[in-house]
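First comes the structure, then the notes that go with it.
Please treat every number below as a calculation from the coordinates, not as lab data. All figures in this text were calculated on a predicted structure; none of them were measured in a lab. When we count neighbours, we look across all protein chains shown, and the Cβ atoms used for this are built from the backbone with ideal geometry, even at glycine.
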Amino acid sequence: MSVGRARTLRRGLTAAAIALAIAGTGLLSYPFATDLWAARLQRGLVAGLSASEDYRLGKVKPGEALTRLEIPELDVDVVVVEGTSLAALRAGAGHYPSSPLPGKNGNVAIAGHRTTYGRPFNRLDELVRGDKVILTTPMGRHVYEVTGEAFVVEPTDWSPINEFPGKGSFLTLTTCHPEGSARYRIVVRARLVRTSDAVAVQEEPAA
C-alpha cells in the first residue's frame, strides 16, 4: 500500500471514530436532556392544577395539567397532563382522553415514559398487590390500591384501556416494555379504595 493511500485510510478511520464517538455521546446524553425538559414542564404545570373550574367543566386541554400522581412505594410524584400524544407525554405522563377522570366510575388510564422525560414509570413493574397510587385533582384526592402484579401485552392490545374488571372505579397505568423498547407494553391495575376532599396541589413535585 502506498504512503498516500495509507494516510487516506487513517484519515477515514479517524473520521469514522470521531463520528461514532459523537453519536455515542448523543445517545448517552439524550435521556438526560429529556429529563431536563420534563422537569421544566413539570414546574410550569403545577399552577395549572389549581384551575378547578376548568377541571369541573371538563375543559382541560391536551397538554394541560390534569392530576398529580404519587406512588409512595416508588418515590414517584409527577403531574399528569391531559392527552397521550408525543407532545403531551414530554411532561412524563398523560391521561388517555377516552378514559374517565380520576375518581369516576370506569377505567382511568394513564401512560408514562419509562426511560426518558423524567421516566416516572421506570419501576412500574415493581408494584405489587396492595401498593397505593394517589391521584390528586382540584376536586379531590383519590387513593387507588394495586390489585395484582404487572402484566405485559402487545402494543396493539387496547383491552387494558378499554375494559375493566367489574363495577367501580379502576386505574390502569401503562408504559413501554422492556426498558428502552416499545416492543410491548407493561400494565398495572388498581382499584379506588378511598376519596377525600381536595388538598393543596400547588407544591412542586419531587421529581
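Tabulated data
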read-out	value
Cα-only Debye scattering, segment 99-190: base-10 log of I(q)/I(0) at q = 0.13, 0.15 Å⁻¹	-0.41, -0.55
Cα pair distances exceeding 29 angstrom across segment 34-196, given as percent	9 percent
Segment 129-162: trypsin sites (Lys or Arg not before Pro) falling in loop per DSSP and having at most 11 other Cβ within 10 Å	ARG129
Positive-end residue, segment 34-196 charge dipole about Cα centroid, Cβ charges, pick of ALA109, ILE186, VAL153	ALA109
